[in-house]
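Novice: Before anything else, here's the structure in question.
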Amino acid sequence: RHASILFLCHPDQCRFSCSLSLSESINTATMRDMTTARILDGKALASRMRESLTAEVAELTEKHGRAPGLAVILVGSDPASQVYVRNKKSGCEKMGIASFSDDLPADTTQQHLLGLISELNADPKVDGILVQLPVPEHINPDSLIEAIDPGKDVDGFHPYNVGRLAARKPALRSCTPFGCMKLLQETGMDLHGKECVVVGASNIVGRPMALELLLAGATVTVAHKFTQDLRSHVERADVVVAAAGKQGLIKGEWIKPGATVIDVGIHRLADNSLTGDVEFEAAAERAAWITPVPGGVGPMTITMLLANTVEAFKAHLGD
Ligand code: NAD
C-alpha cells in the first residue's frame, strides 16, 4: 500500500515523506486502482505565482513611477470579513501593491457607499476596487458591484466582466473560478470534451466556474439545490468542482476513478479545523487529483485577486 501511494505521489509532495525514490517504487499499472490521489497543492502554486507577480510589480512600479493600488471597502465588523480583508491587505503589502482601506460602520448608507465608489473610480492611484461581501442587510450588494468601474472590478463580479467571460472574451475574471482553472492547468489535463460537473450555481463561484470550463472546451453540467440525483451527475464526471457550501455533500464513493476533484467549500469545525464539501479521504482513494481544504482553492483566490489588480494596473497604464 505504501508503494502504491508512492507511485502516484510527486517526490516532494508525498504525504508519507517517503525516502524511497520513484525508481524504487512499484512499476505495475494494476496498482493504479489502489492509489491515493495526487494533491493539487494550491498553497505551493499560489506561492510560486506570488513570487513572479512580486517581481513583475517591482519592475512595473519602477517603470511607471507608482505601484498598483487596490481599494478595499469593508462595511461592519463581521469577524470572518475582517480576517479576509486583513489577508488581502497583507497580500498587497508583501507584493508591493498599495492598499487603501475604507473600514466603515455597519450603519453606513447605500448612498454614502455609492459616493465612495464613484470617488475611487475617478482616483488615478486606484486600479482595483473591491467591496467585501456580505454587506449589512440594508445595503444592496448588486448596486455596489454595478457601480464599480468594470476596469477596476478586480473581483470580476460586475455583469460586464461576467458577460465578457460568457462571450468568450474574458477581461477581469472572478477570482475563485480563475484560481480553480490555474489548479486544473497544473494537472496537465486537456479539458476539451471532458465531462465537468460544477456543484453550486452562485454568481461568485458556480456560474463563472461553469463559464470558465466551457471556455476551456469542456462539456459542463451545473448542479444546484434543485438538481435531482446529484450522485448520477458526479459519478460520470472527469472533473468535479464542489461549491455548494455543504460540508461532506460529495461522497467519496461517487467519484469516478481517475477523476479530478476541486473542493471550493470551506467549513470550520468545532475543533477550529477546516474542511470542505467533499469527503476528502474517501474521494482521495478514487481520484487522480484532489485539492485539500485548507491549502487548495483558498490560497489561489487571494492570489488571483492580486493578479487581477496587476492586470488592471497594466491596462490603465497601457502596458
Ligand atoms: P452560495 O450559498 O451562494 O451558493 C451555493 C450554491 O450551491 C447554490 O447555487 C445552491 O443552489 C447550491 N446547492 C446548495 N445545496 C445543494 C445541494 N444539496 N446540491 C447541489 N447544489 C446545492 O455559496 P458560494 O458563495 O457559492 O460558496 C460555496 C462554498 O464555497 C462555501 O462553502 C464558501 O465558503 C466557499 N467559498 C470558498 C472560496 C475559496 O476561496 N475557497 C471562495 C468563495 C466561496
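Novice: When you go through 77, 52, 47 one by one, which is the residue that is open to solvent by 60 Å² or more (accessible area, probe 1.4 Å), among the polar types (S, T, N, Q) and not in a helix (DSSP H, G or I)? I'd like the intermediate steps shown before the answer.
Specialist: Values: 52 fails: not in a helix (DSSP H, G or I); 47 fails: not in a helix (DSSP H, G or I).
Every option except 77 fails the conditions.
Novice: All but one of (1) more than 8 Å from the ligand (Cβ to nearest atom); (2) surrounded by fewer than 21 Cβ atoms within 10 Å (Cβ to Cβ) hold for residue 230; state the number of the condition that does not hold.
Specialist: (1)
So that you can scan it fast, the table gives a plain yes or no per residue for (1) farther than 22 Å from residue 44 by Cβ; (2) buried (at least 24 other Cβ atoms within 10 Å of the Cβ); (3) under 14 Å from the mean Cα position of the chain (by Cα):
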position	(1), (2), (3)
183	no, no, yes
191	no, no, no
203	yes, no, yes
215	yes, no, no
225	yes, no, no
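Novice: Counting residues that are among the aromatic types (Phe, Trp, Tyr), which helices (runs of 4 or more DSSP H) fully inside segment 226-319 reach at least 1?
Specialist: Details: elements: 230-235, 280-284, 297-316.
Where helices (runs of 4 or more DSSP H) fall fully within segment 226-319 and carry at least 1 residues being among the aromatic types (Phe, Trp, Tyr), they are 280-284, 297-316.
Novice: List the residue pairs whose Cβ atoms are under 8 Å apart, where the first residue sits in segment 197-210 and is without any contact (Cβ under 8 Å) to a residue 24 or more places away in the chain and within 15 Å of residue 181 (Cα to Cα), the second is more than 6 Å from the ligand (Cβ to nearest atom) and open to solvent by 10 Å² or more (accessible area, probe 1.4 Å), and the two are 6 or more positions apart or on different chains.
Specialist: From segment 197-210, the pairs are 210/220; 210/222.
Novice: Let me ask something else about it. Do we have residue 30 as modelled with pLDDT under 95 and open to solvent by less than 20 Å² (accessible area, probe 1.4 Å) here?
Specialist: Working: modelled with pLDDT under 95: yes; open to solvent by less than 20 Å² (accessible area, probe 1.4 Å): no.
No; evaluated as a whole, the condition is false for this residue.
Novice: Any idea which of (1) open to solvent by 30 Å² or more (accessible area, probe 1.4 Å); (2) more than 9 Å from the ligand (Cβ to nearest atom) is the one residue 249 doesn't satisfy?
Specialist: Result: residue 249 passes all but (2).
Novice: In segment 163-175, which residue that is free of Cβ contacts under 8 Å to residues at least 60 places away in the same chain and buried (at least 22 other Cβ atoms within 10 Å of the Cβ) is nearest to residue 132 (Cα to Cα)?
Specialist: We begin by selecting, within segment 163-175, every residue free of Cβ contacts under 8 Å to residues at least 60 places away in the same chain; these are 163-171, 174.
Within this subset, residues satisfying the condition of being buried (at least 22 other Cβ atoms within 10 Å of the Cβ) are 165, 174.
On the way: 165: 22, 174: 14 Å.
Looking at the filtered set, the residue picked out is 174.
Novice: Checking the conditions here, which among 237, 282, 270 is under 23 Å from residue 197 (Cβ atoms), aliphatic (A, V, I, L, M), surrounded by fewer than 19 Cβ atoms within 10 Å (Cβ to Cβ) and at pLDDT 95 or above? Break it down stepwise before answering.
Specialist: Numbers: 237 fails: surrounded by fewer than 19 Cβ atoms within 10 Å (Cβ to Cβ); 270 fails: under 23 Å from residue 197 (Cβ atoms).
282 is the lone residue from the list that is under 23 Å from residue 197 (Cβ atoms), aliphatic (A, V, I, L, M), surrounded by fewer than 19 Cβ atoms within 10 Å (Cβ to Cβ) and at pLDDT 95 or above.
Novice: Which residue is least open to solvent (accessible area, probe 1.4 Å), if the candidates are limited to segment 285-302 and must be more than 10 Å from the ligand (Cβ to nearest atom) and under 19 Å from residue 178 (Cβ atoms)? Let's see the steps before the verdict.
Specialist: Step one: list which residues in segment 285-302 are more than 10 Å from the ligand (Cβ to nearest atom), which gives 285-290, 292, 295.
Adding the requirement that they be under 19 Å from residue 178 (Cβ atoms) leaves 289, 295.
On the way: 289: 41, 295: 18 Å².
Only one residue tops the list, namely 295.
Novice: Which of (1) near the ligand (Cβ under 10 Å from one of its atoms); (2) within 30 Å of residue 149 (Cβ to Cβ); (3) among the basic types (Lys, Arg) does residue 268 not meet, given it meets every other one?
Specialist: (2)
Per-residue answers, yes or no, for (1) among the basic types (Lys, Arg); (2) within 20 Å of the chain's Cα centre (by Cα); (3) open to solvent by less than 50 Å² (accessible area, probe 1.4 Å); (4) modelled with pLDDT under 95:
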site: 10; (1), (2), (3), (4): no, no, no, yes
site: 43; (1), (2), (3), (4): yes, yes, no, no
site: 63; (1), (2), (3), (4): yes, no, no, no
site: 89; (1), (2), (3), (4): yes, yes, yes, no
site: 92; (1), (2), (3), (4): no, yes, yes, no
site: 110; (1), (2), (3), (4): no, no, yes, no
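Novice: Listed residues 201, 171; which is assigned to a loop (DSSP other than H, G, I, E, B), more than 24 Å from residue 113 (Cα to Cα) and within 16 Å of the ligand (Cβ to nearest atom)?
Specialist: 201
Novice: Further, regarding this structure: When you go through 220, 154 one by one, which is the residue that is open to solvent by 40 Å² or more (accessible area, probe 1.4 Å), more than 11 Å from the ligand (Cβ to nearest atom), at pLDDT 95 or above and β-branched (Val, Ile, Thr)?
Specialist: 220
The values are calculated or read from the model by the stated rules, or taken from the named source; none is laboratory data. If you're wondering where the values come from, they're calculated on a predicted model, not measured in any experiment. FYI the Cβ positions are ideal-geometry reconstructions off the backbone, even for glycines, and counts take in every protein chain you see. Quick note on the areas: whole protein, heavy atoms, side chains included, nothing else; ligands and nucleic acids left out. Shrake-Rupley method; radii C 1.70, N 1.55, O 1.52, S 1.80 Å.
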